[in-house]
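These notes concern the structure reproduced below.
The values are calculated or read from the model by the stated rules, or taken from the named source; none is laboratory data. Source: prediction; values computed, not measured. FYI the Cβ positions are ideal-geometry reconstructions off the backbone, even for glycines, and counts take in every protein chain you see.
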């Protein structure tokens, strides 16, 4: 089978196994990306979650010495939730970003790319390949852009003409010299809606993100959240969709093509109070199958505490007090104290004052002081 025929058979097979879009790229060095990554490093804009060296992230033959081409795939995911539960005064809810609504996409895409690799192996017994989804060294977006899956938007997402930016990306490096597809023309034009809407100014300029300020990154950190971002994250317990939701390319875009990627409303919009004291076992049973659980329960609990403060949820005071006093983790105790101060009832302030007599951790004590500072603000406003 010649390479052109094989390429068409791969495209046909990809449709059979539920791949929504497929493209082919050369395995040449990503020179432009390398320069951009060097700049990101020098500016301190990286998240720290990146895998591999600069060379591994931009030179496919470092990952597969015989690399000749890269197959890029895209899977569309929903942007709207049917029967979304409402947040009420008695039962406030947080929200996971859309990319974490269904079954962990890493698993879903790996299965599909593995099938693609097995299909290729049948046709080409001497196939060499390496698959990656998100956590690999290569930039999924750079590969997808080169393969014509979509263009790189000012919000740093790959935007496809068919599915907007609500797509998961993955790739398969191969030793087969497939003819590469052509990149798509950039389609943002003069639009800056994503940059204007970013809550923290993380989109420094079109196509450049300071990950250290990005809410999607910040919700995944495990330490105390810097003060300037606490009001900005609102009720987000994981991730952020703002720059995608305001994008004109995503207007009216909502695809429900894969049952395993459908949101489970009670998980995608969880009640906040039950998250505070959830056991490891229940956490894994409830959230373990979604991508938003990968950092464990601590960041999500910290974010839930901040969200309760954001809502000024007086019904949470009785649950926040034991968390502040008894949780073994300083970040959780301290954030609970901050949240109690933000809610601002007399009982909350009294509890913080009382807990300070027993607390020994300096960071927690500092957060308790911050919590008490809200009392002066409440008195001014009163």
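Applying a threshold of 7 Å to beta carbon distances and a minimum spacing of six or more residues, or different chains, the list of pairs starting in region 233-245 at a residue that is on the phi > 0 side of the Ramachandran plot and touching a residue at least 24 places away in the same chain (Cβ under 8 Å) and ending at one that is surrounded by 19 or more Cβ atoms within 10 Å (Cβ to Cβ) and not in a loop (DSSP other than H, G, I, E, B) reads 234/307; 234/310; 239/96; 239/99; 239/100; 239/216; 239/292. Out of all the residues in region 26-47, which are surrounded by fewer than 14 Cβ atoms within 10 Å (Cβ to Cβ) and touching a residue at least 60 places away in the same chain (Cβ under 8 Å)? Of everything in region 26-47, those that are surrounded by fewer than 14 Cβ atoms within 10 Å (Cβ to Cβ) and touching a residue at least 60 places away in the same chain (Cβ under 8 Å) turn out to be 43, 44. Here residue 76 fulfils each of the conditions (1) within 22 Å of the chain's Cα centre (by Cα); (2) over 25 Å from residue 109 (Cα atoms) apart from (2). Only one entry of 131, 120, 138 meets the criterion of being part of a helix (DSSP H, G or I), surrounded by 19 or more Cβ atoms within 10 Å (Cβ to Cβ) and touching a helix residue (DSSP H, G or I) at 6+ places or on another chain (Cβ under 8 Å), and that entry is 120.
Go through the residues of region 142-154 one by one and say whether even a single one is in a helix (DSSP H, G or I), in contact (Cβ under 8 Å) with a residue 24 or more places away in the chain and farther than 29 Å from residue 114 by Cβ. Within region 142-154 (the criterion being in a helix (DSSP H, G or I), in contact (Cβ under 8 Å) with a residue 24 or more places away in the chain and farther than 29 Å from residue 114 by Cβ), the answer is no, since none of the residues qualifies.
Take the conditions (1) loosely packed, with under 14 Cβ neighbours inside 10 Å; (2) free of Cβ contacts under 8 Å to residues at least 60 places away in the same chain; (3) under 22 Å from the mean Cα position of the chain (by Cα); residue 50 misses just one of them, which is (1). Of the strands (runs of 3 or more DSSP E) lying entirely inside region 160-262, those containing at least 1 residues that are farther than 30 Å from residue 26 by Cβ are 236-238. Does residue 250 meet the test of being farther than 22 Å from residue 86 by Cα, buried (at least 16 other Cβ atoms within 10 Å of the Cβ) and at pLDDT below 95? Spelling it out, it is not the case that residue 250 is farther than 22 Å from residue 86 by Cα, buried (at least 16 other Cβ atoms within 10 Å of the Cβ) and at pLDDT below 95. When region 354-371 is limited to residues that are surrounded by fewer than 18 Cβ atoms within 10 Å (Cβ to Cβ), free of Cβ contacts under 8 Å to residues at least 60 places away in the same chain and touching a helix residue (DSSP H, G or I) at 6+ places or on another chain (Cβ under 7 Å), the one that is nearest to residue 315 (Cα to Cα) turns out to be 356. Does at least one position in region 46-69 carry a residue that is modelled with pLDDT of 95 or more, in contact with a helix residue (DSSP H, G or I) (Cβ under 6 Å, 6 or more places away or on another chain) and either under 27 Å from residue 216 (Cα atoms) or part of a loop (DSSP other than H, G, I, E, B) (or both)? Yes.
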